[in-house]
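The values are calculated or read from the model by the stated rules, or taken from the named source; none is laboratory data. All values reported here derive from a predicted model rather than from experimental measurement. Reconstructed Cβ throughout: ideal geometry from the backbone, glycine too, with neighbour counts over all protein chains shown. Quick note on the areas: whole protein, heavy atoms, side chains included, nothing else; ligands and nucleic acids left out. Shrake-Rupley method; radii C 1.70, N 1.55, O 1.52, S 1.80 Å.
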Amino acid sequence: MNAPAAVAIEPEVADTGSRLLSSVARLNRWATRQAEFDTPPAQARLLALISEVGPARIGELAIADHSSQPTMTIQVQRLEAAGFVQRRSDPSDARVALIEITPEGSAALEEVRRARRVALAPALASLTPQEVAAINTAIGAIDRMVSSVDDEE
C-alpha cells in the first residue's frame, strides 16, 4: 500500500477527481443515513475493508484504513465480540494472527448493503433512463480505473 508517485495533474482532471470523491462520499453518507440496519456504520465500513482485502494482520488493516494500530485493535475487538470476525494463525508465521470475516460478518455486511440499496432505489427510480445509463457508464469507468490502479500495487 505505497503512496502513488507524485504526478503532474491537469487542473481539469484534478477538479474532476475532487468532484467525484466529494459526490461519492456524499452519496455514501446519505445512503447510510437513510438505510435501516443494526450494524454500526463504522463496523460495517471495517467489515467491508476486511472483506475486500481478505484475511489480514491488524497492522495491515490499520495501514489500509489510515488509522493507528491501537485504534484498529479496538475496532477489531468490537467486531470479534459481535462474532463478525475471527483470528486465525498466519500460515507464514504462526506467531501472527490474521483477521478474517466470519459467515455472521458476511451476513451483517450483506444486510447493510441490502439496506443501502433499498434506500437508494427510490432516488434512482426518479432519474431518467438516460441518467441511469450515464451512471452505469460511469460505474464501469470507475471500476476500470480502480482495477488498473490496484493492478499496479
Only unsatisfied item for Glu131, checking (1) outside any strand (DSSP E or B); (2) on the phi < 0 side of the Ramachandran plot; (3) free of Cβ contacts under 8 Å to residues at least 60 places away in the same chain; (4) open to solvent by less than 70 Å² (accessible area, probe 1.4 Å), is (4)
Of the candidates Ala82, Ala62, Ala44, the one satisfying the condition of being of a type outside the set (Ser, Thr, Tyr) and touching a residue at least 60 places away in the same chain (Cβ under 8 Å) is Ala44
Residue in the stretch 101-113 that is of a type in the set (A, V, I, L, M) and under 14 Å from Ile58 (Cα atoms) present: yes
Going through the stretch 49-75 in order, the residues found to be under 18 Å from Val112 (Cα atoms) and not hydroxyl-bearing (Ser, Thr, Tyr) are Leu49, Ile50, Glu52, Gln75
*Being more than 16 Å from Leu49 (Cα to Cα), in contact (Cβ under 8 Å) with a residue 60 or more places away in the chain, in a helix (DSSP H, G or I) and of a type outside the set (Lys, Arg), is that true of even one residue in the stretch 144-151?*
yes
Apart from one, (1) modelled with pLDDT of 95 or more; (2) closer than 30 Å to Ala138 by Cα all hold for Pro103; the odd one out is (2)
Could you tell me whether Val76 is β-branched (Val, Ile, Thr) and modelled with pLDDT of 95 or more? yes
